[in-house]
Each structure stands twice: as structure tokens, then as C-alpha cells.
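The values are calculated or read from the model by the stated rules, or taken from the named source; none is laboratory data. Being a predicted model, the structure only gives us computed values, none of them experimental. When we count neighbours, we look across all protein chains shown, and the Cβ atoms used for this are built from the backbone with ideal geometry, even at glycine. With ligands, DNA and RNA removed, areas are computed over all heavy atoms of the protein, side chains included. Shrake-Rupley method; radii C 1.70, N 1.55, O 1.52, S 1.80 Å.
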Amino acid sequence: VQLQASGGGLVQAGGSLRLSCTASARTFRSYAMGWFRQAPGKEREFVAADNWRGDQTNYADSVKGRFTVSRDNTKNTLYLQMSSLKPEDTAVYYCAASYTITVPTTQGRYDYWGQGTQVTVSS
């Protein structure tokens, strides 16, 4: 499975961005999908994830109420709608796929990773 993340950019604090992650596999709907991020000098951390049907989700406490993960299985695409962005959301955002029916929050549970897209939030 190849994953291609896009949609990053520079935005002012309080603004919004929508990230997309397109998968190469026609079996996209078989995978739970997640978003992770890595800020400079920090470890990569979990952001959000959903299950293969998109009806179960998990979010990091730091993004709850501001970020929404969703998917379109007909387009093999995962989304991350980010609102009320803060400077501390600045990071490289990665999408990942996990062949499981659960909604993993740990990196080790994911089998495939995209290349990352930069999100920069200015104050």
C-alpha cells in the first residue's frame, strides 16, 4: 500500500486546513487509517484515526474538538479537517494504514506510512 499525503501549508493561528491521504490499494477499505505528526525536536505522536468503515474514531486529547478524521472509501482517501489551529500544531503530518478492525493509536500497529506533509501555524 502506497500512501500520499497532501494539503499542508502555512496558516495563521485560528485558521483551518484539510489534509488528504490517498492510498494506492483497492483494499483501502480493509485498513484502519491514522494521522500522526512530528514537530521539530520531538517524537512522532498520534493525532487521529478511524476504522475501516469510518464509524469509529480516536483522537489525541490535544486535538479533540478541533480536528476531524474522515474517509471516502470510494476514492481511497483519508481526510483530516483541522480547525482552530494553534502554533503548537506545527509539524510534519503523516498518514498511516493498519490492517486491523480496531482503531490503533500507537505507531507500531501501523503497517504502511506516507511521506508526510508540512503544516505550519503562525502566531
Revision key, fill the gap. Taking segment 1-25 and the residues there that are out of contact with any Lys or Arg (no Cβ under 9 Å at 6 or more places or on another chain) and of a type in the set (Val, Ile, Thr), the one that is most open to solvent (accessible area, probe 1.4 Å) would be Val1
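Residues checked against (1) in contact with a Gly (Cβ under 6 Å, 6 or more places away or on another chain); (2) outside any loop (DSSP other than H, G, I, E, B):
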site	(1), (2)
Gly54	no, no
Asn58	no, yes
Thr74	no, no
Leu80	no, yes
Leu85	yes, no
Glu88	no, yes
Val92	yes, yes
**Study point:** Exclusive hit being open to solvent by less than 20 Å² (accessible area, probe 1.4 Å) and more than 11 Å from the chain's Cα centre (by Cα), set Asp89, Asp111, Asp72
**Key:** Asp89
**Study point:** Members of segment 48-59 found to be farther than 18 Å from Ser16 by Cα and open to solvent by less than 30 Å² (accessible area, probe 1.4 Å), listed by number
**Key:** Ala49, Asp50, Asn51
**Study point:** Tally, over segment 26-47, of residues that are crowded, with 19+ Cβ neighbours inside 10 Å and at pLDDT below 95
**Key:** 2
